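So the structure is just underneath, and the comments pick up after that.
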Amino acid sequence: MRCANRAGCLPYGFDAGAGPDIVAGRGCYLFDRDGERYIDLCNAFGSVMLGHADPDVSAAAAHAITVGVPAGASRRTASRIADRMAIDVGSEVSTAFFKTGTMAVRAAVCAARRATGRPWIASAGFHGWDVMWTPARTPFTVSDTGVFDFFYCADALAAFLTEHAGKVAAVVISPDYLHIGPDQLRALSAIARAANVMTIFDEVKYGYRFGPGPSVHRHGITGEVYVFAKGLANGWSLACVTGAAAVMSEMTLFTSTLAYSQVELCAAEATLAKLVAMGVWESIGAEGGRFAAGVRERLVASRLPLDLVGTGHCFQLVAESPELEGALVAGARGRGLVLQAGDQQMPSWAFSGPAVDDALNILEGALTELAAQFSWLLGVPLSKRAHLDAAWSQMDGLPAVAPTGADRTAFLADKLAVRRW
Ligand SMILES: Cc1ncc(COP(=O)(O)O)c(C=O)c1O
């Protein structure tokens, strides 16, 4: 295996020789070379809205491939999507297109720095791999690349902006609804606003997940700039930055050879149309919600220290130890249900009806085996530390209920010491 960065790109933890050899994906299912079928709740973190190989999206992409308009030669599809973004964001905004969430967030940050002439960024959450996000080794200090990570802590952001607002170009926040919620996001946004610093919401994960446009809008929270990706093109490589003219005018040169490739833009147009036409958001909420409720019941019945946080749109299994979580994920996979360890599950619209019932039955079987395997954990309550570790592993930040003072700093110092870059 000569793919040097492959280990960092294994959404399923599958790898040659160490997991099933997946040869096809359709709807909520994956199929391996031996003809085994798996229900997929991870969706490669890409085809998270409609499921794998959605026929309408595939047809739109195939048409674009066949017609052959080269990247950038026509702006029509991009313009239509940009118009749609303006409607969904609900103000006078323009949109710049990119291939990945990482590139889009980086461009938004660079544009904010140029627009304000200020060097520093305050940040919470994961924004992709880029040297810009190389963490400071000491918690709550400014990194070599000018980033202050406040790990979603309102007091840390407020203190930093009180002292340094004049040097801060933007506050960049990846919303989270599993371990923190709208109230905390609202508080962070209010702190930025009071300090007169723009907010960039990194909506790569949650934009278009619950409904059209930014997830924060559903809670009355607004920013100046939004970055979208996973909700846009159902697994095709497209991301965008949408925002007001003052920042977007700085985007002119931030582009790349294939940024305006027709295939991804057509896939996005088909995806966005289908999200509305098929009531996809409501359906994911209802069917995913049915699954999440069924899982919660079964976790309680198992008496193991396991929990599910989140809602039907997006949820995470929290386990007392990585071994317990690993055994649950392995047991489910062995029975035909793919769960993502250490991260959230993002069921698609295709996960519905009998697939939900099958998945619940599979999980029940896996839990029965787990209870026998980890019998010494029966009746042991799930610790706060398990929630803390789960939040860290999913969002690179601290949950709403987190240690304070020296305990908080010690926890962060430990985590930062083992960060891989
Ligand atoms: C909130 C957030 N921002 C940025 C990124 C990076 O996006 P990409 O992997 O498309 O570069 C991710 C990826 O999961 C993400 O969840």
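Nothing in this text is a laboratory measurement; each read-out follows from the coordinates by a stated rule. Since this is a predicted model, take the numbers as computed values, not measurements. Glycine also receives a Cβ, built like all others from the backbone with ideal geometry; neighbour counts cover every protein chain displayed.
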Links exceeding 19 Å between C-alpha atoms in this model, out of Lys99/Lys274; Lys167/Lys205; Lys99/Lys167; Lys230/Lys274, come to Lys99/Lys274; Lys167/Lys205; Lys99/Lys167
Going out from 0 in 10 Å bins, what whole percent of all Cα-Cα distances in the stretch 238-298 drops into each bin? 17, 27, 27, 20, 10, 1
Cβ-defined net charge surrounding Leu377, 14 Å radius [Lys, Arg +1; Asp, Glu -1]: -4
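Please report, ordered by residue number, every helix of the chain (full DSSP H runs) that is 24 Å or longer along its axis going by C-alpha atoms and whose mean Kyte-Doolittle hydropathy reaches 0.0. Mind showing how you got there, number by number?
On the way: long enough: 280-302 (32 Å, 0.12); 354-373 (28 Å, 0.46).
Counting only whole DSSP H runs, the qualifying helices are 280-302, 354-373.
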Considering the options His52, Pro70, Met85, tell which one lies farthest towards the positive end of the dipole of the stretch 42-90, charges being +1 on Lys and Arg and -1 on Asp and Glu at the Cβ, about the Cα centre. Pro70
Please compute, for the alpha-carbon atoms of the stretch 1-71, the extent along each of the three principal axes and give them in descending order in Å. 40, 29, 22
Counting Lys +1, Arg +1, Asp -1, Glu -1, what net charge surrounds Gly220 among other residues with beta carbon under 14 Å of its beta carbon? +2
Classify the chain as rounded, prolate or oblate, taking a ≥ b ≥ c as the square roots of the eigenvalues of its Cα gyration tensor: rounded when a/c is under 1.5, otherwise prolate if a/b is larger than b/c and oblate if not. oblate
Taking the Cα centre of the chain as the origin, how large is its charge dipole in debye, to the nearest 20, when only Lys and Arg (+1) and Asp and Glu (-1) carry charge on their Cβ atoms? 840 debye
Once you've got the GNM for the chain with C-alpha springs shorter than 10 Å, pick whichever of Thr199, Thr100, Thr368 has the biggest mean-square fluctuation. Thr368
If I take every Cα pair under 8 Å that is 6 or more residues apart in the chain, average their sequence separation and divide by the length, what percent do I get for the relative contact order? 22 percent
With T = 25 °C, eta = 0.890 mPa s and Kirkwood Rh from C-alpha pairs, the Stokes-Einstein D of the stretch 21-160 in µm²/s is about 128 µm²/s
Convert each backbone phi in the stretch 21-29 into a coupling constant with the Karplus relation 6.51 cos²θ - 1.76 cosθ + 1.60 (shift: θ = phi - 60°), then list the ³J(HN,Hα) values in order as whole Hz, x for Gly and Pro. 8, 6, 10, 7, x, 8, x, 8, 10
With 10 angstrom as the radius, rank Val197, Val276 by how many other C-beta atoms surround their C-beta, starting from the fewest. Val276, Val197
Using the Karplus curve 6.51 cos²θ - 1.76 cosθ + 1.60 with θ = phi - 60°, work out ³J(HN,Hα) for each residue of the stretch 308-319 in order, rounded to whole Hz, and write x for Gly and Pro. 10, 10, x, 10, x, 6, 6, 8, 9, 8, 10, 10
Over the chain, the sum of -39500 (n - 2.57) across DSSP H runs of at least four, divided by residue number and rounded to 500 deg cm²/dmol, gives at 222 nm -13000 deg cm²/dmol
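Please give the charge dipole size of the stretch 1-109, origin at the Cα centre, charges +1 on K and R Cβ atoms and -1 on D and E Cβ atoms. Round to the nearest 20 debye.
Working: 11 positive and 11 negative charges, 98 e Å.
Charge dipole of the stretch 1-109: 460 debye, to the nearest 20.
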Assigned charges on the beta-carbon of Lys, Arg, Asp, Glu; the stretch 278-337 dipole about Cα centre (debye): 200 debye
Name the residue farthest towards the positive end of the dipole of the stretch 228-328 from the options Gln262, Gly310, Val295, assuming +1 on Cβ of Lys and Arg, -1 on Cβ of Asp and Glu, about the Cα centre. Val295
Just report the Cα centroid separation between the stretch 51-76 and the stretch 169-211, whole Å. 32 Å
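For the stretch 40-110, divide the Cα radius of gyration by the Kirkwood radius and give the resulting Rg/Rh value with two decimals.
Result for the stretch 40-110 is an Rg/Rh of 1.00.
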When you count, for each residue, the other Cβ atoms within 10 Å and take the mean per peptide, how do 378-390, 291-303 rank with the highest first? 291-303, 378-390
Just check the stretch 187-287 against the gyration tensor rule for me: Cα atoms, a ≥ b ≥ c as the square roots of the eigenvalues, rounded for a/c under 1.5, and otherwise prolate or oblate depending on whether a/b exceeds b/c. oblate
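Considering every Cα-Cα pair within the stretch 247-360, what fraction, in whole percent, is farther apart than 18 Å?
Percent of Cα pairs beyond 18 Å in the stretch 247-360: 62.
Highest mean first, what order results for 208-216, 43-51, 134-142 on Cβ atoms within 10 Å?
Numbers: 208-216: 21.8, 43-51: 23.3, 134-142: 15.3.
Ranked by mean Cβ neighbours within 10 Å, highest first: 43-51, 208-216, 134-142.
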